There are 4 protein chains.
Amino acid sequence: MLTTTLIQPVKFNQADPLGIVWHGHYIQYFEDGREDFGAKYQLSYLDIFQQGFVIPIVNVKCDFKKPLRYGDIAEIRTTFIPTIAAKLIFNYEIYNHTTKEIVANGSTTQVFLKKENLELHLIYPDFIIAWQKKYLTNG
Amino acid sequence: MLTTTLIQPVKFNQADPLGIVWHGHYIQYFEDGREDFGAKYQLSYLDIFQQGFVIPIVNVKCDFKKPLRYGDIAEIRTTFIPTIAAKLIFNYEIYNHTTKEIVANGSTTQVFLKKENLELHLIYPDFIIAWQKKYLTNG
Amino acid sequence: MLTTTLIQPVKFNQADPLGIVWHGHYIQYFEDGREDFGAKYQLSYLDIFQQGFVIPIVNVKCDFKKPLRYGDIAEIRTTFIPTIAAKLIFNYEIYNHTTKEIVANGSTTQVFLKKENLELHLIYPDFIIAWQKKYLTNG
Amino acid sequence: MLTTTLIQPVKFNQADPLGIVWHGHYIQYFEDGREDFGAKYQLSYLDIFQQGFVIPIVNVKCDFKKPLRYGDIAEIRTTFIPTIAAKLIFNYEIYNHTTKEIVANGSTTQVFLKKENLELHLIYPDFIIAWQKKYLTNG
(Lines give C-alpha, C1' and ligand atoms only; values in the text may rest on other atoms or scores of the structure.)
Protein backbone atom coordinates (compact mmCIF):
# COMPACT_ATOMS: atom_id res chain seq x y z
CA MET A 1 0.00 0.00 0.00
CA LEU A 2 1.19 3.52 -0.83
CA THR A 3 0.66 5.74 2.19
CA THR A 4 1.91 9.21 3.07
CA THR A 5 1.82 10.90 6.46
CA LEU A 6 1.34 14.63 6.94
CA ILE A 7 1.76 16.29 10.34
CA GLN A 8 0.13 19.67 10.89
CA PRO A 9 -1.00 21.64 13.92
CA VAL A 10 -4.69 22.52 14.32
CA LYS A 11 -5.30 26.16 13.40
CA PHE A 12 -6.98 28.47 15.90
CA ASN A 13 -9.95 29.24 13.71
CA GLN A 14 -10.50 25.61 12.74
CA ALA A 15 -11.86 25.04 16.24
CA ASP A 16 -15.47 25.98 16.90
CA PRO A 17 -17.20 27.42 19.99
CA LEU A 18 -17.06 23.96 21.60
CA GLY A 19 -13.26 24.20 21.30
CA ILE A 20 -13.04 21.31 18.83
CA VAL A 21 -12.18 21.23 15.15
CA TRP A 22 -15.37 21.80 13.15
CA HIS A 23 -16.26 18.61 11.26
CA GLY A 24 -16.23 20.31 7.85
CA HIS A 25 -12.52 21.10 8.18
CA TYR A 26 -11.71 17.39 7.98
CA ILE A 27 -12.59 17.56 4.28
CA GLN A 28 -9.78 20.11 4.02
CA TYR A 29 -7.50 17.78 5.99
CA PHE A 30 -8.32 15.03 3.48
CA GLU A 31 -7.36 17.38 0.64
CA ASP A 32 -4.20 18.39 2.48
CA GLY A 33 -3.32 14.71 2.76
CA ARG A 34 -4.19 14.02 -0.88
CA GLU A 35 -2.09 16.96 -2.06
CA ASP A 36 0.78 15.81 0.11
CA PHE A 37 0.47 12.36 -1.45
CA GLY A 38 0.31 13.95 -4.90
CA ALA A 39 3.43 16.00 -4.26
CA LYS A 40 5.37 12.92 -3.14
CA TYR A 41 4.09 10.59 -5.88
CA GLN A 42 3.65 12.95 -8.88
CA LEU A 43 -0.12 12.81 -8.70
CA SER A 44 -1.08 16.38 -7.77
CA TYR A 45 -3.95 18.29 -9.38
CA LEU A 46 -1.37 20.17 -11.45
CA ASP A 47 0.40 16.97 -12.57
CA ILE A 48 -2.92 15.56 -13.72
CA PHE A 49 -4.03 18.84 -15.31
CA GLN A 50 -0.84 18.88 -17.35
CA GLN A 51 -1.80 15.43 -18.59
CA GLY A 52 -5.08 16.84 -19.86
CA PHE A 53 -7.45 15.81 -17.08
CA VAL A 54 -9.31 17.22 -14.12
CA ILE A 55 -10.31 14.89 -11.31
CA PRO A 56 -13.38 16.12 -9.45
CA ILE A 57 -14.46 14.47 -6.22
CA VAL A 58 -17.66 12.46 -6.73
CA ASN A 59 -17.96 11.03 -3.24
CA VAL A 60 -16.65 11.83 0.20
CA LYS A 61 -17.41 10.21 3.52
CA CYS A 62 -16.03 10.64 7.01
CA ASP A 63 -16.54 9.04 10.40
CA PHE A 64 -15.65 11.15 13.42
CA LYS A 65 -14.35 9.25 16.45
CA LYS A 66 -12.80 11.79 18.82
CA PRO A 67 -12.27 15.54 18.80
CA LEU A 68 -9.15 17.50 17.92
CA ARG A 69 -8.60 20.81 19.72
CA TYR A 70 -6.57 23.95 19.13
CA GLY A 71 -3.12 23.05 20.44
CA ASP A 72 -3.38 19.47 19.12
CA ILE A 73 -1.39 18.23 16.14
CA ALA A 74 -3.17 16.34 13.38
CA GLU A 75 -1.49 13.39 11.70
CA ILE A 76 -3.06 12.65 8.34
CA ARG A 77 -2.33 9.26 6.76
CA THR A 78 -3.41 9.08 3.11
CA THR A 79 -3.54 5.71 1.36
CA PHE A 80 -4.02 5.05 -2.35
CA ILE A 81 -6.64 2.31 -2.86
CA PRO A 82 -6.18 0.44 -6.16
CA THR A 83 -9.40 -0.25 -8.06
CA ILE A 84 -10.20 -1.65 -11.50
CA ALA A 85 -12.68 1.15 -12.26
CA ALA A 86 -11.27 4.34 -13.80
CA LYS A 87 -11.32 6.16 -10.47
CA LEU A 88 -8.93 7.47 -7.87
CA ILE A 89 -9.82 6.29 -4.38
CA PHE A 90 -8.02 7.45 -1.28
CA ASN A 91 -8.56 6.41 2.30
CA TYR A 92 -7.65 8.76 5.13
CA GLU A 93 -6.94 8.14 8.77
CA ILE A 94 -6.51 11.16 10.99
CA TYR A 95 -4.74 10.71 14.29
CA ASN A 96 -3.95 12.91 17.24
CA HIS A 97 -0.21 12.98 16.58
CA THR A 98 0.70 13.12 20.27
CA THR A 99 -1.62 10.48 21.70
CA LYS A 100 -1.75 8.37 18.49
CA GLU A 101 -5.51 7.97 19.00
CA ILE A 102 -7.51 7.86 15.79
CA VAL A 103 -9.83 10.84 15.55
CA ALA A 104 -11.45 10.31 12.14
CA ASN A 105 -11.31 8.22 9.01
CA GLY A 106 -12.88 8.43 5.60
CA SER A 107 -12.45 8.24 1.87
CA THR A 108 -12.79 10.16 -1.36
CA THR A 109 -13.50 8.99 -4.90
CA GLN A 110 -12.47 10.98 -7.96
CA VAL A 111 -13.17 10.47 -11.65
CA PHE A 112 -11.25 11.57 -14.73
CA LEU A 113 -12.71 14.26 -16.98
CA LYS A 114 -10.98 15.39 -20.14
CA LYS A 115 -10.14 19.00 -19.48
CA GLU A 116 -11.07 20.30 -22.92
CA ASN A 117 -14.70 19.16 -22.82
CA LEU A 118 -15.18 17.93 -19.22
CA GLU A 119 -16.41 14.57 -20.53
CA LEU A 120 -16.07 11.53 -18.31
CA HIS A 121 -13.13 9.30 -19.26
CA LEU A 122 -14.36 5.73 -18.71
CA ILE A 123 -11.00 4.00 -18.81
CA TYR A 124 -7.76 4.86 -17.10
CA PRO A 125 -5.72 7.49 -18.97
CA ASP A 126 -2.37 6.15 -20.21
CA PHE A 127 -0.37 8.27 -17.78
CA ILE A 128 -2.25 6.67 -14.88
CA ILE A 129 -1.52 3.17 -16.18
CA ALA A 130 2.15 4.15 -16.40
CA TRP A 131 1.94 5.59 -12.89
CA GLN A 132 0.42 2.36 -11.57
CA LYS A 133 3.17 0.29 -13.22
CA LYS A 134 5.78 2.48 -11.62
CA TYR A 135 4.39 2.62 -8.11
CA LEU A 136 2.09 -0.36 -7.60
CA THR A 137 3.86 -3.24 -9.36
CA ASN A 138 5.11 -4.83 -6.20
CA GLY A 139 2.40 -3.30 -4.07
CA MET B 1 -41.41 13.82 6.20
CA LEU B 2 -40.24 17.12 7.65
CA THR B 3 -38.29 19.01 5.01
CA THR B 4 -37.09 22.60 4.80
CA THR B 5 -35.77 24.42 1.73
CA LEU B 6 -33.07 27.08 1.86
CA ILE B 7 -32.18 29.19 -1.19
CA GLN B 8 -28.78 30.87 -1.26
CA PRO B 9 -26.50 32.19 -3.99
CA VAL B 10 -23.05 30.66 -4.45
CA LYS B 11 -20.38 32.94 -2.98
CA PHE B 12 -17.49 34.08 -5.16
CA ASN B 13 -14.81 32.50 -3.03
CA GLN B 14 -16.67 29.19 -2.71
CA ALA B 15 -15.74 28.50 -6.34
CA ASP B 16 -12.30 27.11 -7.04
CA PRO B 17 -9.86 27.66 -9.93
CA LEU B 18 -12.02 25.35 -12.08
CA GLY B 19 -14.86 27.82 -11.53
CA ILE B 20 -16.97 25.33 -9.58
CA VAL B 21 -17.91 25.18 -5.91
CA TRP B 22 -15.17 23.35 -4.03
CA HIS B 23 -16.53 20.03 -2.75
CA GLY B 24 -15.72 20.79 0.89
CA HIS B 25 -18.12 23.73 0.91
CA TYR B 26 -21.06 21.33 0.54
CA ILE B 27 -20.47 20.32 4.15
CA GLN B 28 -21.13 23.97 5.00
CA TYR B 29 -24.24 23.90 2.79
CA PHE B 30 -25.44 20.87 4.77
CA GLU B 31 -24.90 22.79 8.01
CA ASP B 32 -26.66 25.83 6.55
CA GLY B 33 -29.61 23.58 5.70
CA ARG B 34 -29.56 21.91 9.13
CA GLU B 35 -29.46 25.27 10.91
CA ASP B 36 -32.31 26.52 8.74
CA PHE B 37 -34.27 23.40 9.69
CA GLY B 38 -33.37 23.96 13.34
CA ALA B 39 -34.53 27.57 13.23
CA LYS B 40 -37.89 26.57 11.72
CA TYR B 41 -38.47 23.53 13.97
CA GLN B 42 -36.83 24.56 17.27
CA LEU B 43 -33.94 22.17 16.87
CA SER B 44 -30.94 24.49 16.49
CA TYR B 45 -27.60 23.94 18.23
CA LEU B 46 -28.60 26.63 20.73
CA ASP B 47 -32.02 25.07 21.41
CA ILE B 48 -30.33 21.75 22.11
CA PHE B 49 -27.53 23.34 24.14
CA GLN B 50 -30.13 24.99 26.36
CA GLN B 51 -31.58 21.51 26.95
CA GLY B 52 -28.19 20.39 28.24
CA PHE B 53 -26.82 18.59 25.20
CA VAL B 54 -24.32 19.02 22.41
CA ILE B 55 -24.82 17.07 19.19
CA PRO B 56 -21.53 16.44 17.39
CA ILE B 57 -21.52 15.05 13.86
CA VAL B 58 -20.27 11.44 13.87
CA ASN B 59 -20.71 10.73 10.17
CA VAL B 60 -21.05 12.72 6.99
CA LYS B 61 -21.26 11.55 3.41
CA CYS B 62 -21.87 13.32 0.14
CA ASP B 63 -22.26 12.33 -3.51
CA PHE B 64 -21.48 15.01 -6.08
CA LYS B 65 -23.50 14.84 -9.31
CA LYS B 66 -23.00 18.15 -11.11
CA PRO B 67 -21.12 21.36 -10.44
CA LEU B 68 -22.42 24.66 -9.07
CA ARG B 69 -20.71 27.84 -10.28
CA TYR B 70 -20.39 31.40 -9.06
CA GLY B 71 -23.60 33.05 -10.29
CA ASP B 72 -25.68 29.91 -9.61
CA ILE B 73 -28.17 29.69 -6.77
CA ALA B 74 -28.10 26.68 -4.46
CA GLU B 75 -31.35 25.16 -3.20
CA ILE B 76 -30.74 23.07 -0.09
CA ARG B 77 -33.50 20.65 0.94
CA THR B 78 -32.99 19.24 4.43
CA THR B 79 -35.06 16.27 5.58
CA PHE B 80 -35.30 14.85 9.09
CA ILE B 81 -34.96 11.04 8.99
CA PRO B 82 -36.64 9.33 11.96
CA THR B 83 -34.67 6.50 13.53
CA ILE B 84 -35.09 4.37 16.63
CA ALA B 85 -31.47 4.87 17.71
CA ALA B 86 -30.69 7.94 19.85
CA LYS B 87 -29.34 9.86 16.86
CA LEU B 88 -30.27 12.77 14.65
CA ILE B 89 -30.09 11.90 10.98
CA PHE B 90 -30.61 14.43 8.22
CA ASN B 91 -30.63 13.88 4.49
CA TYR B 92 -29.73 16.72 2.13
CA GLU B 93 -30.46 17.27 -1.51
CA ILE B 94 -28.81 20.23 -3.16
CA TYR B 95 -30.29 21.54 -6.39
CA ASN B 96 -29.39 24.20 -8.89
CA HIS B 97 -32.32 26.44 -8.01
CA THR B 98 -32.71 27.73 -11.57
CA THR B 99 -32.44 24.50 -13.54
CA LYS B 100 -33.82 22.26 -10.74
CA GLU B 101 -31.09 19.72 -11.52
CA ILE B 102 -29.76 17.87 -8.49
CA VAL B 103 -26.11 18.71 -7.89
CA ALA B 104 -25.38 16.73 -4.71
CA ASN B 105 -26.96 14.69 -1.98
CA GLY B 106 -25.78 13.33 1.31
CA SER B 107 -26.47 12.83 4.99
CA THR B 108 -25.20 13.54 8.46
CA THR B 109 -25.57 11.62 11.72
CA GLN B 110 -25.32 13.30 15.12
CA VAL B 111 -25.31 11.85 18.63
CA PHE B 112 -26.31 13.36 21.96
CA LEU B 113 -23.64 14.17 24.53
CA LYS B 114 -24.49 15.59 27.94
CA LYS B 115 -22.87 19.00 27.91
CA GLU B 116 -21.55 18.85 31.50
CA ASN B 117 -19.38 15.76 30.96
CA LEU B 118 -19.57 15.11 27.19
CA GLU B 119 -20.73 11.54 27.87
CA LEU B 120 -22.74 9.78 25.19
CA HIS B 121 -26.48 9.72 25.91
CA LEU B 122 -27.68 6.31 24.73
CA ILE B 123 -31.41 7.02 24.73
CA TYR B 124 -33.32 9.97 23.37
CA PRO B 125 -33.41 12.92 25.77
CA ASP B 126 -36.93 13.75 26.98
CA PHE B 127 -37.06 17.01 25.05
CA ILE B 128 -36.42 15.11 21.81
CA ILE B 129 -39.21 12.65 22.57
CA ALA B 130 -41.51 15.63 23.15
CA TRP B 131 -40.25 17.20 19.91
CA GLN B 132 -40.95 13.99 18.00
CA LYS B 133 -44.49 13.81 19.43
CA LYS B 134 -45.12 17.38 18.36
CA TYR B 135 -43.73 17.18 14.86
CA LEU B 136 -43.72 13.56 13.73
CA THR B 137 -47.00 12.14 15.07
CA ASN B 138 -48.73 12.10 11.72
CA GLY B 139 -45.50 11.82 9.82
CA MET C 1 -24.86 58.12 -0.24
CA LEU C 2 -25.78 54.73 -1.68
CA THR C 3 -25.98 52.20 1.16
CA THR C 4 -27.37 48.69 1.35
CA THR C 5 -28.10 46.66 4.47
CA LEU C 6 -27.70 42.90 4.69
CA ILE C 7 -28.94 40.92 7.69
CA GLN C 8 -27.44 37.47 8.30
CA PRO C 9 -27.07 35.21 11.32
CA VAL C 10 -23.59 34.25 12.53
CA LYS C 11 -22.73 30.70 11.44
CA PHE C 12 -21.68 28.14 14.04
CA ASN C 13 -18.23 27.54 12.57
CA GLN C 14 -17.51 31.25 12.13
CA ALA C 15 -17.06 31.45 15.90
CA ASP C 16 -13.73 30.42 17.33
CA PRO C 17 -12.78 28.65 20.59
CA LEU C 18 -13.37 31.94 22.45
CA GLY C 19 -16.96 31.77 21.20
CA ILE C 20 -16.62 34.89 19.06
CA VAL C 21 -16.54 35.36 15.31
CA TRP C 22 -12.95 34.94 14.11
CA HIS C 23 -11.65 38.27 12.82
CA GLY C 24 -10.83 36.93 9.36
CA HIS C 25 -14.48 36.16 8.68
CA TYR C 26 -15.28 39.89 8.64
CA ILE C 27 -13.51 40.05 5.27
CA GLN C 28 -16.14 37.58 4.08
CA TYR C 29 -18.87 39.75 5.65
CA PHE C 30 -17.48 42.71 3.69
CA GLU C 31 -17.68 40.67 0.49
CA ASP C 32 -21.19 39.51 1.39
CA GLY C 33 -22.17 43.17 1.80
CA ARG C 34 -20.44 44.20 -1.43
CA GLU C 35 -22.12 41.42 -3.39
CA ASP C 36 -25.48 42.38 -1.88
CA PHE C 37 -24.81 45.97 -2.97
CA GLY C 38 -23.81 44.73 -6.42
CA ALA C 39 -26.97 42.66 -6.76
CA LYS C 40 -29.15 45.64 -5.86
CA TYR C 41 -27.25 48.21 -7.97
CA GLN C 42 -26.05 46.15 -10.97
CA LEU C 43 -22.44 46.22 -9.86
CA SER C 44 -21.71 42.58 -9.07
CA TYR C 45 -18.52 40.78 -10.11
CA LEU C 46 -20.47 39.15 -12.93
CA ASP C 47 -21.95 42.46 -14.14
CA ILE C 48 -18.45 43.93 -14.28
CA PHE C 49 -16.96 40.81 -15.86
CA GLN C 50 -19.54 41.01 -18.63
CA GLN C 51 -18.35 44.57 -19.24
CA GLY C 52 -14.82 43.24 -19.79
CA PHE C 53 -13.23 43.97 -16.44
CA VAL C 54 -12.15 42.26 -13.26
CA ILE C 55 -11.91 44.29 -10.07
CA PRO C 56 -9.37 42.84 -7.63
CA ILE C 57 -9.15 44.15 -4.08
CA VAL C 58 -5.93 46.15 -3.61
CA ASN C 59 -6.53 47.22 -0.02
CA VAL C 60 -8.64 46.11 2.90
CA LYS C 61 -8.74 47.39 6.45
CA CYS C 62 -10.92 46.63 9.43
CA ASP C 63 -11.28 47.88 13.00
CA PHE C 64 -12.87 45.50 15.47
CA LYS C 65 -14.89 47.11 18.27
CA LYS C 66 -16.95 44.38 19.91
CA PRO C 67 -17.41 40.65 19.40
CA LEU C 68 -20.21 38.82 17.60
CA ARG C 69 -21.15 35.37 18.86
CA TYR C 70 -22.92 32.32 17.50
CA GLY C 71 -26.61 33.15 17.98
CA ASP C 72 -26.07 36.84 17.13
CA ILE C 73 -27.29 38.37 13.88
CA ALA C 74 -24.89 40.51 11.84
CA GLU C 75 -26.16 43.64 10.09
CA ILE C 76 -23.80 44.68 7.32
CA ARG C 77 -24.16 48.21 5.94
CA THR C 78 -22.23 48.74 2.72
CA THR C 79 -21.71 52.26 1.39
CA PHE C 80 -20.33 53.27 -2.00
CA ILE C 81 -17.71 56.01 -1.57
CA PRO C 82 -17.34 58.20 -4.70
CA THR C 83 -13.78 59.05 -5.68
CA ILE C 84 -12.18 60.76 -8.67
CA ALA C 85 -9.55 58.03 -9.06
CA ALA C 86 -10.48 55.02 -11.21
CA LYS C 87 -11.24 52.88 -8.16
CA LEU C 88 -14.18 51.35 -6.36
CA ILE C 89 -14.19 52.16 -2.67
CA PHE C 90 -16.70 50.71 -0.23
CA ASN C 91 -17.08 51.40 3.46
CA TYR C 92 -18.62 48.81 5.73
CA GLU C 93 -20.20 49.08 9.14
CA ILE C 94 -21.12 45.86 10.87
CA TYR C 95 -23.66 46.00 13.67
CA ASN C 96 -25.14 43.54 16.10
CA HIS C 97 -28.60 43.58 14.53
CA THR C 98 -30.38 43.08 17.86
CA THR C 99 -28.51 45.54 20.06
CA LYS C 100 -27.61 47.94 17.22
CA GLU C 101 -24.10 48.26 18.67
CA ILE C 102 -21.38 48.65 16.07
CA VAL C 103 -19.03 45.68 16.12
CA ALA C 104 -16.63 46.53 13.28
CA ASN C 105 -16.03 48.91 10.43
CA GLY C 106 -13.66 49.01 7.52
CA SER C 107 -13.17 49.58 3.83
CA THR C 108 -12.01 47.98 0.61
CA THR C 109 -10.46 49.48 -2.52
CA GLN C 110 -10.69 47.82 -5.92
CA VAL C 111 -9.11 48.69 -9.26
CA PHE C 112 -10.18 47.92 -12.81
CA LEU C 113 -8.19 45.44 -14.87
CA LYS C 114 -9.07 44.65 -18.45
CA LYS C 115 -10.00 40.99 -18.38
CA GLU C 116 -8.23 40.03 -21.62
CA ASN C 117 -4.75 41.12 -20.50
CA LEU C 118 -5.19 41.99 -16.78
CA GLU C 119 -3.72 45.45 -17.42
CA LEU C 120 -4.63 48.25 -15.06
CA HIS C 121 -7.28 50.60 -16.49
CA LEU C 122 -6.26 54.07 -15.31
CA ILE C 123 -9.51 55.86 -16.07
CA TYR C 124 -13.08 54.86 -15.30
CA PRO C 125 -14.54 52.45 -17.86
CA ASP C 126 -17.50 53.95 -19.76
CA PHE C 127 -20.00 51.64 -18.11
CA ILE C 128 -18.94 52.91 -14.69
CA ILE C 129 -19.36 56.53 -15.79
CA ALA C 130 -22.85 55.63 -17.01
CA TRP C 131 -23.51 53.86 -13.70
CA GLN C 132 -22.39 56.90 -11.74
CA LYS C 133 -24.68 59.18 -13.81
CA LYS C 134 -27.58 56.87 -13.13
CA TYR C 135 -27.09 56.38 -9.42
CA LEU C 136 -25.04 59.25 -8.05
CA THR C 137 -26.37 62.32 -9.88
CA ASN C 138 -28.33 63.63 -6.95
CA GLY C 139 -26.18 61.81 -4.44
CA MET D 1 13.95 43.20 14.57
CA LEU D 2 12.47 39.79 15.38
CA THR D 3 11.24 38.19 12.17
CA THR D 4 10.18 34.67 11.31
CA THR D 5 9.68 33.18 7.86
CA LEU D 6 7.05 30.57 7.04
CA ILE D 7 6.97 28.77 3.69
CA GLN D 8 3.71 27.15 2.63
CA PRO D 9 2.18 26.14 -0.70
CA VAL D 10 -1.07 27.74 -1.83
CA LYS D 11 -3.99 25.37 -1.30
CA PHE D 12 -6.25 24.48 -4.22
CA ASN D 13 -9.39 25.89 -2.67
CA GLN D 14 -7.70 29.12 -1.59
CA ALA D 15 -7.72 30.17 -5.24
CA ASP D 16 -10.90 31.67 -6.63
CA PRO D 17 -12.53 31.42 -10.08
CA LEU D 18 -9.94 33.91 -11.39
CA GLY D 19 -7.29 31.36 -10.40
CA ILE D 20 -5.76 33.62 -7.75
CA VAL D 21 -5.74 33.40 -3.98
CA TRP D 22 -8.90 35.09 -2.66
CA HIS D 23 -7.92 38.24 -0.77
CA GLY D 24 -9.61 37.14 2.46
CA HIS D 25 -7.25 34.18 2.79
CA TYR D 26 -4.33 36.56 3.39
CA ILE D 27 -5.80 37.24 6.83
CA GLN D 28 -5.34 33.51 7.45
CA TYR D 29 -1.78 33.74 6.10
CA PHE D 30 -1.14 36.56 8.60
CA GLU D 31 -2.43 34.33 11.40
CA ASP D 32 -0.33 31.43 10.13
CA GLY D 33 2.70 33.72 10.26
CA ARG D 34 1.79 35.03 13.71
CA GLU D 35 1.29 31.53 15.08
CA ASP D 36 4.60 30.46 13.57
CA PHE D 37 6.24 33.45 15.27
CA GLY D 38 4.48 32.54 18.52
CA ALA D 39 5.68 28.95 18.33
CA LYS D 40 9.28 30.04 17.82
CA TYR D 41 9.28 32.84 20.41
CA GLN D 42 6.89 31.50 23.09
CA LEU D 43 4.15 33.96 22.23
CA SER D 44 1.38 31.73 20.90
CA TYR D 45 -2.29 32.16 21.82
CA LEU D 46 -1.92 29.23 24.21
CA ASP D 47 1.22 30.68 25.86
CA ILE D 48 -0.63 33.94 26.44
CA PHE D 49 -3.82 32.20 27.57
CA GLN D 50 -1.83 30.30 30.18
CA GLN D 51 -0.60 33.68 31.45
CA GLY D 52 -4.21 34.73 31.97
CA PHE D 53 -4.83 36.83 28.88
CA VAL D 54 -6.57 36.70 25.53
CA ILE D 55 -5.32 38.94 22.73
CA PRO D 56 -8.07 39.79 20.24
CA ILE D 57 -7.24 41.51 16.98
CA VAL D 58 -8.50 45.12 17.02
CA ASN D 59 -7.17 46.18 13.62
CA VAL D 60 -6.04 44.50 10.44
CA LYS D 61 -4.96 46.00 7.15
CA CYS D 62 -3.54 44.58 3.99
CA ASP D 63 -2.28 45.90 0.65
CA PHE D 64 -2.36 43.49 -2.27
CA LYS D 65 0.38 43.95 -4.89
CA LYS D 66 0.39 40.85 -7.05
CA PRO D 67 -1.56 37.61 -7.18
CA LEU D 68 -0.61 34.17 -5.87
CA ARG D 69 -1.93 31.15 -7.75
CA TYR D 70 -2.49 27.49 -7.00
CA GLY D 71 0.93 25.94 -7.57
CA ASP D 72 2.74 28.96 -6.09
CA ILE D 73 4.45 28.86 -2.72
CA ALA D 74 3.78 31.64 -0.22
CA GLU D 75 6.60 32.98 1.94
CA ILE D 76 5.23 34.77 5.00
CA ARG D 77 7.62 37.05 6.91
CA THR D 78 6.24 38.10 10.28
CA THR D 79 7.93 40.92 12.19
CA PHE D 80 7.29 41.99 15.78
CA ILE D 81 6.94 45.79 15.96
CA PRO D 82 7.83 47.18 19.41
CA THR D 83 5.50 49.87 20.72
CA ILE D 84 5.13 51.69 24.04
CA ALA D 85 1.36 51.14 24.12
CA ALA D 86 0.12 47.88 25.69
CA LYS D 87 -0.42 46.28 22.31
CA LEU D 88 1.03 43.58 20.11
CA ILE D 89 1.75 44.82 16.60
CA PHE D 90 2.95 42.55 13.82
CA ASN D 91 3.89 43.46 10.28
CA TYR D 92 3.62 40.89 7.51
CA GLU D 93 5.24 40.68 4.13
CA ILE D 94 4.07 37.92 1.84
CA TYR D 95 6.31 36.92 -1.03
CA ASN D 96 6.08 34.53 -3.92
CA HIS D 97 8.73 32.16 -2.58
CA THR D 98 10.02 31.22 -6.03
CA THR D 99 10.20 34.64 -7.69
CA LYS D 100 10.82 36.57 -4.43
CA GLU D 101 8.34 39.21 -5.62
CA ILE D 102 6.29 40.77 -2.84
CA VAL D 103 2.61 39.93 -3.24
CA ALA D 104 1.09 41.59 -0.17
CA ASN D 105 1.93 43.35 3.05
CA GLY D 106 -0.03 44.41 6.09
CA SER D 107 -0.28 44.53 9.85
CA THR D 108 -2.36 43.48 12.82
CA THR D 109 -2.83 45.07 16.23
CA GLN D 110 -3.87 43.09 19.29
CA VAL D 111 -4.76 44.18 22.81
CA PHE D 112 -4.59 42.34 26.12
CA LEU D 113 -7.80 41.33 27.87
CA LYS D 114 -7.80 39.58 31.23
CA LYS D 115 -9.31 36.20 30.50
CA GLU D 116 -11.49 36.02 33.62
CA ASN D 117 -13.49 39.19 32.89
CA LEU D 118 -12.39 40.19 29.35
CA GLU D 119 -11.46 43.67 30.64
CA LEU D 120 -8.86 45.65 28.73
CA HIS D 121 -5.42 45.59 30.36
CA LEU D 122 -4.01 49.08 29.82
CA ILE D 123 -0.39 48.32 30.68
CA TYR D 124 1.83 45.49 29.54
CA PRO D 125 1.35 42.30 31.59
CA ASP D 126 4.49 41.34 33.54
CA PHE D 127 5.13 38.27 31.39
CA ILE D 128 5.27 40.48 28.30
CA ILE D 129 7.77 42.82 29.94
CA ALA D 130 9.89 39.78 30.80
CA TRP D 131 9.49 38.55 27.22
CA GLN D 132 10.61 41.91 25.83
CA LYS D 133 13.68 41.91 28.12
CA LYS D 134 14.58 38.45 26.90
CA TYR D 135 14.10 38.98 23.19
CA LEU D 136 14.35 42.71 22.43
CA THR D 137 17.20 43.93 24.67
CA ASN D 138 19.70 44.23 21.90
CA GLY D 139 17.03 44.62 19.25
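The requirement of being free of Cβ contacts under 8 Å to residues at least 40 places away in the same chain and either touching a Gly at 6+ places or on another chain (Cβ under 9 Å) or in a loop (DSSP other than H, G, I, E, B) (or both) is fulfilled nowhere in the stretch B:102-114; no residue meets it. In the stretch D:34-57, which residues are within 9 Å of another protein chain (Cβ to nearest Cβ), open to solvent by less than 20 Å² (accessible area, probe 1.4 Å) and over 11 Å from the mean Cα position of the chain (by Cα)? Within the stretch D:34-57, D:54 is the sole residue that qualifies.
Criterion applied to A:20, A:94, A:73 was being out of contact with any Leu (no Cβ under 6 Å at 6 or more places or on another chain), of a type in the set (Val, Ile, Thr) and either open to solvent by 40 Å² or more (accessible area, probe 1.4 Å) or away from every other protein chain (no Cβ under 14 Å) (or both), and the one residue passing it is A:73. Of the listed requirements (1) surrounded by 22 or more Cβ atoms within 10 Å (Cβ to Cβ); (2) in contact (Cβ under 8 Å) with a residue 24 or more places away in the chain; (3) in contact with a Gly (Cβ under 8 Å, 6 or more places away or on another chain), residue B:31 misses just one: (2). Taken together, the residues in the stretch B:22-55 that are under 18 Å from residue D:16 (Cβ atoms) and in contact with an Asp or Glu (Cβ under 8 Å, 6 or more places away or on another chain) amount to 2.
Checking D:78, D:4, D:83 one by one, the residue that is away from chain C (no Cβ under 11 Å), over 21 Å from residue C:18 (Cβ atoms) and surrounded by fewer than 15 Cβ atoms within 10 Å (Cβ to Cβ) is D:83 and no other.
Among the residues that make up the stretch D:45-60, is at least one of them touching a residue at least 24 places away in the same chain (Cβ under 8 Å) and in contact with a Cys (Cβ under 8 Å, 6 or more places away or on another chain)? Yes, some residue in the stretch D:45-60 is touching a residue at least 24 places away in the same chain (Cβ under 8 Å) and in contact with a Cys (Cβ under 8 Å, 6 or more places away or on another chain).
The condition (being surrounded by fewer than 18 Cβ atoms within 10 Å (Cβ to Cβ), more than 13 Å from chain B (Cβ to nearest Cβ) and not polar (S, T, N, Q)) is satisfied by just one residue among A:66, A:100: A:100. Checked against (1) surrounded by fewer than 16 Cβ atoms within 10 Å (Cβ to Cβ); (2) more than 28 Å from residue C:109 (Cα to Cα), residue D:124 passes all but condition (1). Could you pull out the residue among A:27, A:55 that is more than 15 Å from residue B:62 (Cβ to Cβ) and touching a strand residue (DSSP E or B) at 6+ places or on another chain (Cβ under 9 Å)? Exactly one residue qualifies, and that residue is A:55. Return the total of residues in the stretch C:123-139 being modelled with pLDDT of 95 or more and in a loop (DSSP other than H, G, I, E, B). Total satisfying the criteria: 3. I need the full set of residues from the stretch C:72-105 which are under 18 Å from residue C:135 (Cα atoms) and in contact with a His (Cβ under 7 Å, 6 or more places away or on another chain), in order please. Of everything in the stretch C:72-105, just one residue is under 18 Å from residue C:135 (Cα atoms) and in contact with a His (Cβ under 7 Å, 6 or more places away or on another chain), namely C:86.
The values are calculated or read from the model by the stated rules, or taken from the named source; none is laboratory data. Fair warning: this is a prediction, and the values are worked out from it, not measured in the lab. Positions of Cβ are generated from backbone atoms using ideal geometry, with glycine treated the same way; all protein chains shown enter the neighbour counts. SASA here: full protein model, heavy atoms, side chains in, ligands and nucleic acids out. Shrake-Rupley method; radii C 1.70, N 1.55, O 1.52, S 1.80 Å.
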